[in-house]
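Undergrad: Structure provided below as structure tokens; questions to follow.
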Amino acid sequence: MPIPSLQVPRLQVSGLAVARGDRNVVEALGFAVAAGEILHIRGRNGAGKTSLLEVLCGLRTPAAGTIDGQPDAEHRHWLGHKNALNPALSPDENLRFWCALSGHVDADVGQALQRVGLKAQRHRPCGSLSTGQRRRAALARLLALPRPWWFLDEPLAGLDHAGIDLLAELLDAHGRGGGAALVTSHQPLPQGVAGVRTLELRS
Amino acid sequence: MSAASAVFRRELLLAARRPAEWAQPLVFYAIVALLFPLGIEAHDPALKVFAPAIVWVGALLAALLGVERIFRGDLEDGTLEQLLLADAPAPLLVAAKLGAHWLLTALPLVVAAPFLGIALGLEPLAVKVLTLSLLLGTPTLMFTGGFAAALTVGAQRAGILLPILVLPLMTPAVIFGGGAVRAAASGLSFDAPLYFLGALLALTVTLLPFATAGALRNAIE
């Protein structure tokens, strides 16, 4: 699905500090991400990957530093550890809710779910789906509502080999289509994704 | 407004999937109010005196029943952080969610109130005032409860903390609601307590969604 043609501003971070509790997990961080780039944020457990992504996405406020070109709600997707799927609703109903919330009631939810391999499970309650299937349903949200910036926190978690290949295809297509993504993962990103740069967090 | 409408419709859809959750306060309310006459003599004049308090306290306790769950599920499944990141103003989404909860759990209490009032021996005018006072007061209970639920959504023992936090905030609604019905039953003017309830309604419905959204944002940080 093509990303709406938008002037995607460059995300520029300088002197960034991210606090968790009473200590800074990230300090004096600077980097930039432009359209077409996939930034893989790596680091061991507790290095501050999730906290950094939450700050970049706007869920937390930074302890210090500046973020220029931070995308607004209309231009970004956040996929956290949790999938934002109500267990009593089906993937179809959950996605339709997120599309309606953004004012896109006519989004092609069926096609997005088919793309992530959930055509057969489309109308089953999310509570009855496996961890990997719920992750796929969450990925379908990225497709149903095309937006240029993706902030993905450990998106590989719970996915099987086919799911990881699917994510690689989605990331590659997103980057080639002019989008940008910031992806945290303690494991390497799958092969076949163009435009990947790595940011190693050390603390 | 389409975002608020989406949240509202989602709450109705979820309620349709779990009818027990929204039916529970009404059943509880009816049991509390109807057991009172069995505790004292059916024709005891004291029953009529206590009726406004019985119905109002019953409504307060029934409204408290489901309040703790309002945001908990959304926090656990990640919906809450997505709602706070959405393009639409968070207070608007909070108001839509609490409005839907009022419709599902508190409006049935208002509809049931005339029957309970008659069962407790209230005069027709007092029954009308009781219903009107609940119509004005239950949104205050719901929005106050929602605010307390947002403050405690991340807490381990919210079940204990929430009633302690919320009861003092809900007290004015019970005082003025019960007071209006007592005044009507005694043949006095009941305008003033109803105006107070209206003022509380205006304050809570307009201001508390902002405070609730702030508390929710605090919970996910």
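The values are calculated or read from the model by the stated rules, or taken from the named source; none is laboratory data. Small disclaimer: the values here were computed from a predicted structure and weren't measured. When we count neighbours, we look across all protein chains shown, and the Cβ atoms used for this are built from the backbone with ideal geometry, even at glycine.
Undergrad: Quick test of your reading of the structure: A:ALA100 fulfils all but one of (1) under 23 Å from B:ALA16 (Cα atoms); (2) small (Gly, Ala, Ser); (3) surrounded by 20 or more Cβ atoms within 10 Å (Cβ to Cβ). Name the failing condition by number.
TA: In the conditions (1) under 23 Å from B:ALA16 (Cα atoms); (2) small (Gly, Ala, Ser); (3) surrounded by 20 or more Cβ atoms within 10 Å (Cβ to Cβ), A:ALA100 misses (3) alone.
Undergrad: Sticking with this one: So for region B:164-185 (the condition being out of contact with any helix residue (DSSP H, G or I) (no Cβ under 8 Å at 6 or more places or on another chain) and of a type outside the set (A, V, I, L, M)), does at least one residue qualify?
TA: The answer is yes; a qualifying residue exists.
Undergrad: Within region A:19-58, how many residues turn out to be of a type in the set (A, V, I, L, M) and farther than 24 Å from A:LEU189 by Cα?
TA: Step one: list which residues in region A:19-58 are of a type in the set (A, V, I, L, M), which gives A:19, A:25-26, A:28-29, A:32-35, A:38-39, A:41, A:47, A:52-53, A:55-56.
Applying the additional criterion that residues be farther than 24 Å from A:LEU189 by Cα yields A:19, A:28.
The total comes to 2.
Undergrad: Here is a follow-up. Are any of the residues in region A:32-53 within 30 Å of B:SER2 (Cα to Cα), in contact (Cβ under 8 Å) with a residue 40 or more places away in the chain, crowded, with 19+ Cβ neighbours inside 10 Å and within 14 Å of another protein chain (Cβ to nearest Cβ)?
TA: yes
Undergrad: Among the residues of region A:54-77, which ones are at the interface with chain B (Cβ under 10 Å from one of its Cβ atoms), free of Cβ contacts under 8 Å to residues at least 60 places away in the same chain and not in a helix (DSSP H, G or I)?
TA: Within region A:54-77, A:GLY58, A:LEU59, A:ARG60, A:THR61, A:ASP72 qualify.
Undergrad: Within region B:152-198, which residues are more than 17 Å from the chain's Cα centre (by Cα), hydrophobic (A, V, I, L, M, F, W, C) and not in a loop (DSSP other than H, G, I, E, B)?
TA: B:ALA158, B:ILE160, B:LEU161, B:ALA180, B:VAL181, B:ALA183, B:ALA184, B:ALA185, B:ALA192
Undergrad: Would you check if A:HIS77 is modelled with pLDDT of 90 or more, under 24 Å from A:GLY178 (Cα atoms), out of contact with any Gly (no Cβ under 9 Å at 6 or more places or on another chain) and not basic (Lys, Arg)?
TA: Yes: the conditions hold for A:HIS77.
Undergrad: If I filter region A:121-138 for residues that are over 17 Å from A:HIS77 (Cβ atoms), touching a residue at least 60 places away in the same chain (Cβ under 8 Å) and either among the polar types (S, T, N, Q) or not assigned by TED's automatic domain parsing to the domain that holds A:GLY36 (or both), do I get at least one hit? First the steps, then the outcome.
TA: Taking region A:121-138 and keeping what is over 17 Å from A:HIS77 (Cβ atoms), we get A:121-133.
Checking the rest, the ones that are also touching a residue at least 60 places away in the same chain (Cβ under 8 Å) come to none.
No, because not a single residue in region A:121-138 is over 17 Å from A:HIS77 (Cβ atoms), touching a residue at least 60 places away in the same chain (Cβ under 8 Å) and either among the polar types (S, T, N, Q) or not assigned by TED's automatic domain parsing to the domain that holds A:GLY36 (or both).
Condition check ((1) touching a residue at least 24 places away in the same chain (Cβ under 8 Å); (2) more than 29 Å from B:ILE220 (Cα to Cα); (3) out of contact with any Leu (no Cβ under 7 Å at 6 or more places or on another chain)) across all residues:
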{"residue": "B:SER5", "(1), (2), (3)": "yes, no, yes"}
{"residue": "B:GLU21", "(1), (2), (3)": "yes, no, yes"}
{"residue": "B:ILE31", "(1), (2), (3)": "no, yes, yes"}
{"residue": "B:ILE54", "(1), (2), (3)": "yes, yes, no"}
{"residue": "B:LEU93", "(1), (2), (3)": "yes, no, no"}
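Undergrad: Which of the helices (runs of 4 or more DSSP H) found entirely inside region B:1-90 contain at least 3 residues meeting this: surrounded by fewer than 18 Cβ atoms within 10 Å (Cβ to Cβ) and within 14 Å of chain A (Cβ to nearest Cβ)?
TA: Per the criteria, B:2-17, B:19-39, B:69-77.
Undergrad: Which condition breaks for B:LEU84 when tested against (1) within 19 Å of the chain's Cα centre (by Cα); (2) closer than 18 Å to B:SER2 by Cα?
TA: Every listed condition holds for B:LEU84 apart from (1).
Undergrad: Give me the pairs, please: first residue somewhere in region A:92-109 and more than 7 Å from every other protein chain (Cβ to nearest Cβ) and closer than 18 Å to A:GLU74 by Cβ, second residue anywhere and small (Gly, Ala, Ser) and part of a loop (DSSP other than H, G, I, E, B), beta-carbon distance under 7 Å, and either six or more positions apart or on two chains.
TA: A:CYS99/A:ALA107
Undergrad: Starting from region A:188-201, take each residue that is within 14 Å of A:LEU156 (Cβ to Cβ) and list its partners that are in a loop (DSSP other than H, G, I, E, B), counting only C-beta distances under 9 angstrom and pairs at least six apart or across chains.
TA: A:LEU189/A:LEU156; A:PRO190/A:LEU156; A:VAL196/A:GLU37; A:VAL196/A:LEU189
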